[in-house]
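Trainee: Have a look at the structure that comes next, please.
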Amino acid sequence: MITLKSARELGLMREAGRLVAESHAIAREMIRPGTVTGDIDSAIDAFLARQGATPLFKGFPGPVPFPASTCISVNQQIVHGVPGAWTLKEGDIVSLDVGVRLNGWCGDAAWTYAVGEVDDEKRKLMAAGRHLLHRAAHLCGQKQLWSQVATEMMRDAKKLGVSLVRRFVGHGIGREMHEEPQVPNFFDASMNLPDFSLNPGLVLAIEPMVNAGKPDVRILHDKWTAVTADGRPSVHYEHTVAITKDGPVLLTEGVGEPFDPREAPALPL
Ligand code: MG
């Protein structure tokens with residue numbers, strides 16, 4: 001069942017979103033050559049504990065419970081990277097995903113950061129990923145159905161020469177991190193996911209995962225880390241987006257660059 005949120009509930013979700021944004025700010029300060037990904041995770045875990053907030057990925061059920069508070073995925077890692085002994089180096093890209101519950105309400109956002117100077121392939125891929133997230137958030141205020149948004153995301157991905165991962169999808173969010181509906185970054189007649197209407201009060205974690213090469217995914221032996229099957233780089237951008245009478249708003253504003261989803265983003269060509 002899809003639950004719509006009241007203005008008061010959106011305010012509470014915005015508070016959780018603020019802690020997600022502050023967690024990203026901590027990471028942004030730490031991301032440089034020589035930083036160990038496990039140290040970024042520890043810093044955010046300590047920050048959330050001080051705030052009385054719960055990190056939602058820690059212990060998340062799977063083949064083994066997720067062992068950290070954040071997902072940190074480097075280069076060809078797509079999502080669900082396990083922070084640990086990996087040392088960042090110049091030219092890496094690092095995707096950080098943080099989900100938080102505060103006072104019973106959740107926020108969830110991911111962003112891909114450059115470590116120093118990155119090559120052209122990664123730079124263009126990052127621009128494409130940011131665009132696809134911003135365009136999807138904008139279109140939530142323009143279209144009636146999610147399938148229409150996902151169709152435009154696929155069109156733009158094609159124009160930008162990148163591929164959208166199909167193995168993982170976005171999600172509704174509220175009291176739980178993962179609520180109905182599922183929010184795929186693609187749409188075609190063969191899929192078995194139901195479409196849904198973009199009504200005021202709906203809150204979605206929109207999260208395109210975008211590969212420079214093919215969309216195929218492989219899972220590493222840690223049972224979590226998803227990597228590109230072709231070894232080419234991948235990026236992940238996610239905001240918690242509320243649809244309101246006045247248009248879409250970002251409840252995780254402050255993650256990534258400033259963006260007003262009521263305005264149409266230009267294709268980064
Ligand atoms: Mg998410």
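All of the numbers you see were taken from the coordinates with simple rules; none came from a lab. A quick note: this is a predicted structure, and the numbers were derived from the prediction, not measured. For neighbour counting, all protein chains shown are included, and Cβ atoms are generated from backbone atoms with ideal geometry for every residue, glycine included.
Trainee: Through the Karplus equation 6.51 cos²θ - 1.76 cosθ + 1.60, θ set to phi - 60°, convert the phi angles of the range 88-102 into ³J(HN,Hα) values in whole Hz; use x for Gly and Pro.
Mentor: 5, 10, 3, x, 6, 10, 10, 9, 10, 10, 10, x, 9, 10, 10
Trainee: Got a sec? How would HIS221, HIS134 order by Cβ neighbour count within 10 Å, fewest to most?
Mentor: HIS221, HIS134
Trainee: Does the range 1-151 come out rounded, prolate or oblate by the C-alpha gyration tensor, with a ≥ b ≥ c the root eigenvalues, rounded set by a/c under 1.5 and, if not, prolate when a/b is larger than b/c and oblate if not?
Mentor: Taking the square roots of the gyration eigenvalues as a ≥ b ≥ c, the range 1-151 is oblate.
Trainee: Please report how many Lys pairs in the chain have alpha carbons closer than 24 angstrom, counting only residues at least 8 apart along the chain or sitting on separate chains.
Mentor: Lysine pairs meeting both conditions in the chain amount to 17.
Trainee: Give me, ordered by chain and number, the residues 5 or more places off ILE78 or on other chains with an amide H under 5 Å from its own placed amide H.
Mentor: Those lying under 5 Å, H to H, from ILE78 are ALA226, VAL227, THR228.
Trainee: With the cut-off at 1.5 for a/c, could you classify the range 166-213 from its C-alpha gyration tensor as rounded, prolate or oblate?
Mentor: oblate
Trainee: To continue, here is another question. Under the Kirkwood approximation for Rh and a Cα-based Rg, what ratio Rg/Rh is obtained for the range 7-250?
Mentor: A ratio of 0.94.
Trainee: If amide hydrogens are placed 1.01 Å from N in the peptide plane, which non-local residues have theirs closer than 5 Å to the one on VAL217?
Mentor: ALA229
Trainee: Apply 1/(1 + (r/R0)^6) to the Cβ-Cβ distance of ASP230 and LYS159, taking R0 = 22 Å, and write down the FRET efficiency to the nearest 0.05.
Mentor: Values: r = 21 Å, r/R0 = 0.94.
For ASP230 and LYS159, the calculated efficiency is 0.60.
Trainee: Could you put ARG175, ARG155 in order, starting from the residue whose Cβ has the fewest other Cβ atoms within 10 Å?
Mentor: Ranking ARG175, ARG155 by Cβ neighbours within 10 Å, fewest first, gives ARG155, ARG175.
Trainee: For the range 132-191, build the convex hull from the C-alpha positions and give me its volume per residue in Å³.
Mentor: 98 Å³
Trainee: Through the Karplus equation 6.51 cos²θ - 1.76 cosθ + 1.60, θ set to phi - 60°, convert the phi angles of the range 107-113 into ³J(HN,Hα) values in whole Hz; use x for Gly and Pro.
Mentor: These are the phi-based 3J(HN,Hα) values: x, 7, 8, 10, 8, 9, 10 Hz.
Trainee: Once phi is turned into θ = phi - 60°, what whole-Hz ³J(HN,Hα) does the Karplus curve with 6.51, -1.76 and 1.60 give for every residue of the range 139-151, x standing for Gly and Pro?
Mentor: 5, 4, x, 10, 10, 8, 10, 4, 4, 5, 5, 4, 4
Trainee: Shifting gears a bit: Given H placed 1.01 Å from N in the peptide plane, which residues other than close sequence neighbours of THR252 have an amide H under 5 Å from its amide H?
Mentor: For THR252, whose amide H was placed from the backbone, the distant partners under 5 Å are THR240.
Trainee: Moving to a separate point now. Give the order of THR225, THR240 when sorted by the count of other beta carbons within 10 angstrom, beginning with the fewest.
Mentor: Listing THR225, THR240 from fewest to most nearby Cβ atoms yields THR225, THR240.
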